[in-house]
Amino acid sequence: MGTEQTPGWLGAMDRMPAARWVGLVAALVLLNVSLTFTNIWPTLGIRLNADLSVETALCVLGLVLVRRWRGGPSRVALRWLAGLWILLVVGRYAEVTVPSLYGRDINLYWDVRHMPNVGAMFAFVADPWLKVAVVAGVVLVPVLFYVIARWALGSVAEATHDPRARRALGLVAAGVLLLSIAQPLGARVPEAIRFADPVAPAYARELGELAYEMSGAGVRDLGPPPVMRSDLSRVGGADVFLIFLESYGAVSWDRAEFAGALVATRARFEADIGETGRAVASAFVESTTFGGESWLAHISLLSGTEVRDQGTNVRLMAQERDTLVTVFGRHGYRTIAIMPGLLVGWPEGAYYGFDEIYNHARLDYHGPSFGWWDVNDQFALARVDALEIASQPRPPAFVFFTTITTHAPFVPTPPYQPDWARVLTSTPYDAEALDRAWSAWPDWMNLGPSYLEALDYAFATVGGYLRLRADRDLVMILVGDHQPPALVTGAGASWDVPVHVIATRGALLDRLVRDHRFVKGLEPRHPVVARMDTLLPILLDAFGDRGGP
């Protein structure tokens with residue numbers, strides 16, 4: 001540069017070179033760690049590490065080349081770059097946090113539409129101070145990150161004025177990029193050098209998902225509908241209840257501390273089954289979702305089609321296909337859906353073919369509130385029983401019930417009321433029991449005890465109903481929709497859920513045990529006997545001969 005005087009960073013570097021170099025290193029470190037952090041399982045927190053970011057290297061190399069070829073980026077360009085950087089940081093946070101909390105990857109295209117409902121649920125059940133902290137964080141943290149990113153990017157851009165810094169930055173960035181390419185190709189790279197997964201491909205996948213949906217390829221990939229045939233001879237005349245137990249996962253059997261804590265609960269439930277003249281056969285199946293999105297499990301079983309994402313769900317709903325509901329409907333059954341968590345309209349009900357849908361409004365609950373949905377499972381079951389099941393004579397009923405009381409964060413859990421008639425009154429619980437339930441707040445660092453309490457309530461409710469209708473001929477299929485979130489299951493949990501078939505009809509249960517690897521009794525055994533969608537033909541075969549219409 002000769003004797004030319006360069007204002008700004010170079011002039012300052014001539015006076016305090018060490019301080020400027022320290023600032024440059026700090027800016028590079030900040031940019032790098034902002035895209036390489038990992039999650040502190042199972043929380044919303046993050047942990048910094050020494051991994052390298054390919055996107056940071058690309059950005060630095062880009063700033064070096066822009067300085068060399070075009071004299072450097074403008075202030076407006078740096079502002080846009082800082083905004084883009086925040087998008088990358090948000091993407092990284094979602095990418096590492098969602099699997100930790102829910103045990104599955106995020107799909108921004110389909111999941112983002114559920115954020116208002118999740119936020120509303122959180123606002124209802126969370127501690128007030130936690131609400132304030134989260135709201136403040138949502139508002140202030142992006143602004144703070146933008147300021148930091150703008151400073152860091154500006155520091156790197158300003159440093160490229162100096163030939164020494166520009167050469168060093170270019171060489172380091174190019175070296176990082178070369179190593180990131182060489183390592184997957186099997187080159188010998190020091191073990192200490194690790195690269196974080198880049199964030200940009202996640203956004204690219206979302207664009208690809210959009211193009212996939214718009215092209216019509218998704219509909220074609222659904223494949224032909226499964227053949228649904230059964231004469232229902234082994235259940236004919238009985239009321240059939242298909243109950244999806246929210247968050248009832250294999251972890252409740254596989255984890256020793258959970259299984260031990262539920263011994264008394266399960267013994268009581270087995271007594272409810274046996275003392276009402278019924279028996280049970282059990283198995284594990286693999287759900288098509290984990291930690292949430294229960295409707296993917298519902299539609300997989302009811303349609304016999306594997307549905308693992310919201311895109312497939314929407315495409316399938318647009319088709320005209322048989323479902324388990326329409327099979328029972330053709331045999332003279334009145335088909336009923338109990339959806340206590342359904343707060344809005346449900347046009348999807350037309351796809352399934354239900355005669356009647358009892359959503360939150362239709363259930364007309366006026367009792368004490370429990371959690372986001374107000375209504376509880378015992379009331380929902382008691383209400384529909386009073387309206388649809390208690391009266392005789394009538395056509396047999398097929399009842400599809402999606403429970404909600406065992407939904408995360410699991411508390412406050414309502415008391416179980418042995419007097420089912422009282423459940424339907426405006427004062428279903430004693431004041432002491434109600435106060436005890438309302439005093440429980442979720443411990444977000446340890447939801448295990450709350451989960452166990454919720455499961456105890458769920459089995460008390462189902463067992464109590466078996467006793468309430470001990471004189472009735474009914475077949476009950478009790479299946480978990482998915483495992484609880486990963487903050488309950490731990491890392492690396494399977495997607496397996498239990499299924500129990502409860503009935504007085506020995507031929508039905510024998511068919512499941514003899515031909516489909518179910519086991520007698522309440523305790524299921526690994527490995528899984530089916531996937532959620534392939535459980536449907538197993539049930540149809542158990543229900544009757546497949547030569548039916």
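The values are calculated or read from the model by the stated rules, or taken from the named source; none is laboratory data. Note that this is a predicted model, so its numbers are computed, not measured. Here Cβ is always computed from backbone atoms with ideal geometry, including for glycine, and neighbour counts include all displayed protein chains.
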Legend entry - Residue list for region 246-304, restricted to those being out of contact with any helix residue (DSSP H, G or I) (no Cβ under 8 Å at 6 or more places or on another chain), of a type in the set (A, V, I, L, M, F, W, C) and buried (at least 21 other Cβ atoms within 10 Å of the Cβ): 250, 284, 297
Inset, instruction - Return yes or no: is residue 400 closer than 21 Å to residue 482 by Cβ, in contact with a His (Cβ under 9 Å, 6 or more places away or on another chain), hydrophobic (A, V, I, L, M, F, W, C) and in the same structural domain as residue 298 (by TED's automatic domain parsing)? - result: yes
Inset, instruction - List every residue pair whose Cβ atoms lie under 7 Å apart, where the two residues are 6 or more positions apart in sequence or sit on different chains, the first residue falls within region 464-492 and is assigned by TED's automatic domain parsing to the domain that holds residue 271, and the second residue, located anywhere, is part of a helix (DSSP H, G or I) and of a type in the set (Asp, Glu). - result: 466/272; 467/272
Inset, instruction - Take region 194-253 and flag every residue that is assigned to a helix (DSSP H, G or I) and at pLDDT 90 or above. - result: 251, 252, 253
Legend entry - Among the candidates 383, 362, residue that is over 26 Å from the mean Cα position of the chain (by Cα), under 28 Å from residue 314 (Cα atoms) and in a helix (DSSP H, G or I): 362
Inset, instruction - Evaluate the following for residue 445: is it within 29 Å of the chain's Cα centre (by Cα), in contact (Cβ under 8 Å) with a residue 24 or more places away in the chain, more than 17 Å from residue 371 (Cα to Cα) and surrounded by fewer than 22 Cβ atoms within 10 Å (Cβ to Cβ)? - result: yes
Inset, instruction - Answer yes if at least one residue in region 302-309 is among the basic types (Lys, Arg), under 26 Å from the mean Cα position of the chain (by Cα) and either modelled with pLDDT of 90 or more or not in a helix (DSSP H, G or I) (or both), and no otherwise. - result: yes
Inset, instruction - Within region 531-549, count every residue that is more than 23 Å from residue 255 (Cβ to Cβ) and surrounded by fewer than 22 Cβ atoms within 10 Å (Cβ to Cβ). - result: 10
Legend entry - Selection from region 260-306 of residues that are farther than 26 Å from residue 336 by Cβ and among the polar types (S, T, N, Q): 265
Inset, instruction - Output the number of the condition that residue 459 fails; it satisfies all remaining conditions of (1) more than 26 Å from residue 323 (Cβ to Cβ); (2) surrounded by fewer than 21 Cβ atoms within 10 Å (Cβ to Cβ); (3) at pLDDT 95 or above; (4) in contact with a Phe, Trp or Tyr (Cβ under 8 Å, 6 or more places away or on another chain). - result: (2)
Inset, instruction - List the number of the failed condition for residue 76; all other conditions in (1) modelled with pLDDT of 90 or more; (2) closer than 20 Å to residue 30 by Cβ hold. - result: (2)
Inset, instruction - Output yes when any residue across region 228-236 is within 23 Å of residue 528 (Cβ to Cβ), of a type in the set (Gly, Ala, Ser), in contact with a Ser or Thr (Cβ under 7 Å, 6 or more places away or on another chain) and surrounded by 22 or more Cβ atoms within 10 Å (Cβ to Cβ), and no when none is. - result: no
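Taking only region 310-321 into account, find how many residues are in a loop (DSSP other than H, G, I, E, B) and of a type in the set (Lys, Arg). If you could, list the steps in order and put the result at the bottom.
Initial filter on region 310-321 (in a loop (DSSP other than H, G, I, E, B)): 318-321.
Cutting the leftovers down to of a type in the set (Lys, Arg) gives us 321.
So the answer is 1.
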Inset, instruction - Check residue 484 against each of (1) buried (at least 23 other Cβ atoms within 10 Å of the Cβ); (2) in a loop (DSSP other than H, G, I, E, B); (3) over 29 Å from the mean Cα position of the chain (by Cα) and name the one condition it does not meet. - result: (3)
Inset, instruction - Could you check how many residues of region 406-463 are among the aromatic types (Phe, Trp, Tyr) and in a helix (DSSP H, G or I)? - result: 5
Legend entry - Candidate set: region 322-352, residues that are assigned to a loop (DSSP other than H, G, I, E, B) and more than 26 Å from the chain's Cα centre (by Cα); chosen: the one nearest to residue 230 (Cα to Cα): 331
